[in-house]
Amino acid sequence: MSDRRLGLLRPALGYLVAAACLVWVFHDIRPGRLFADFARIRWGLVALGIACDVMSYVCQGIRWHFLLEPIGRVPVLRTTQATYAGLFINELLPMRIGEPARAFLVSRWLRVPFVKVIPSMALERLFEGVWLAAGIGVTALFVPLPGNLMKSADVFGAAVIILTAAFVVYVFRKPKAVLATPPRPGWRGKVRAALRGLGDGFREIGLARHTYLAFAVSLALFVFQALSFWLILTGYGIRETFWIGAAVFLIIHFGTALPNAPANVGSYQFFCVLGLTLFGVDKTRATGFSVVVFILLTLPLLLLGALALAKSGATLSSLRKEVRGLAVRP
């Protein structure tokens, strides 16, 4: 299969999955009940939930600021701006190309190679994995979680432990002496040089004192996101405990982990409705909420993301070309 056809197939599969999810979500609901629930939304709680969601992305900017310290100082406002720009691109385009796009922005501001930024982003995912696994364990103490989720969480937790242990061992072991020889010609030499650079980056960040602060900020990020979801859930009129709201949030987080359609359309609604109905919420109410919470959390992200991208000095088209160039670069 040619690269062009493969490039078209990936987003097409994402859109197909999204369509199938939406068909299930809106099947067999009662429209009258749906609109009655819309009319009873408590907008004060909703506004507070949106503010918590915005704070979660500010926390992400603070965390990235700490992780980037070993390679250069990027103000929190800049890291938050790059985060929102990347999220904005993810909302519009499939396969989450916003992640490499935000890395390109920061590498440009720091005037360092793109590969130097990658270790900080990889550690973001590792920290999130640790707190996600811990969050599932704590939530399971308060509410019974679905068996399939617990089995998946066990596998996920084991993987997180292995990766964390590997990271700690790699960072604190004494590095081998490397002779200062020029890189070998060809793509193999480039790959080895890139891997060596990544390894050095992980070690630099792992030994930096700011890394521990970044790990702590990751917890605040998750707390704000879970609190945001629960506040909007309560404002919609679904009176469940914070821990049930957190459980549904975790189900959505797990379900939308893999790249799919832009903004996780379809998969977000599917796992939201699935999670709520598992805890006894009527499917019509769950469907209405899945649409409302998606819109309420997506609109501010789009507005702030568009502003962040506009002020970054780059365009959606230029960043997309940069990402495509990276994909074909040897």
Just give me the residues in region 274-308 being of a type in the set (S, T, N, Q) and free of Cβ contacts under 8 Å to residues at least 12 places away in the same chain, in sequence order.
T277
When only residues in region 54-106 that are of a type in the set (D, E, K, R) and surrounded by fewer than 22 Cβ atoms within 10 Å (Cβ to Cβ) count, which is nearest to K116 (Cα to Cα)?
E69
I244: passes all of (1) part of a helix (DSSP H, G or I); (2) more than 16 Å from D53 (Cα to Cα); (3) touching a helix residue (DSSP H, G or I) at 6+ places or on another chain (Cβ under 7 Å); (4) among the β-branched types (V, I, T) but (3)
Could you tell me which numbered condition L274 fails, if it satisfies all but one of (1) surrounded by fewer than 18 Cβ atoms within 10 Å (Cβ to Cβ); (2) in a helix (DSSP H, G or I); (3) not β-branched (V, I, T)?
(1)
Looking at region 284-298, can you tell me whether even one residue there is of a type outside the set (A, V, I, L, M, F, W, C), in contact with a Cys (Cβ under 8 Å, 6 or more places away or on another chain) and buried (at least 20 other Cβ atoms within 10 Å of the Cβ)?
yes
If I ask for residues that are under 22 Å from L278 (Cβ atoms) and either modelled with pLDDT under 85 or small (G, A, S) (or both), which ones from region 150-185 would you list?
S152, A153, G157
Go through (1) modelled with pLDDT of 90 or more; (2) assigned to a loop (DSSP other than H, G, I, E, B) one by one and return the number of the condition I29 breaks.
(1)
Only one of R188, R209 is exposed (fewer than 12 other Cβ atoms within 10 Å of the Cβ), of a type in the set (K, R) and modelled with pLDDT of 85 or more, namely R209
Could you check, for region 131-138, whether at least one of its residues is of a type outside the set (F, W, Y), at pLDDT 90 or above, within 21 Å of H210 (Cα to Cα) and over 16 Å from the mean Cα position of the chain (by Cα)?
no
So, restricting to helices (runs of 4 or more DSSP H) that lie completely within region 57-157, which ones have at least 1 residues that are touching an Asp or Glu at 6+ places or on another chain (Cβ under 6 Å) and within 22 Å of L195 (Cβ to Cβ)?
98-110
Breaking point among (1) more than 19 Å from A214 (Cβ to Cβ); (2) at pLDDT 95 or above; (3) basic (K, R), for R63:
(1)
Kindly indicate which of T298, T284 is within 30 Å of P100 (Cβ to Cβ), of a type in the set (V, I, T) and in contact with an Asp or Glu (Cβ under 9 Å, 6 or more places away or on another chain).
T298
Sole miss for K311 among (1) touching a Phe, Trp or Tyr at 6+ places or on another chain (Cβ under 9 Å); (2) touching a residue at least 40 places away in the same chain (Cβ under 8 Å) is condition (1)
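The values are calculated or read from the model by the stated rules, or taken from the named source; none is laboratory data. Everything numeric here is computed off the predicted structure, so don't read it as measured data. Glycine also receives a Cβ, built like all others from the backbone with ideal geometry; neighbour counts cover every protein chain displayed.
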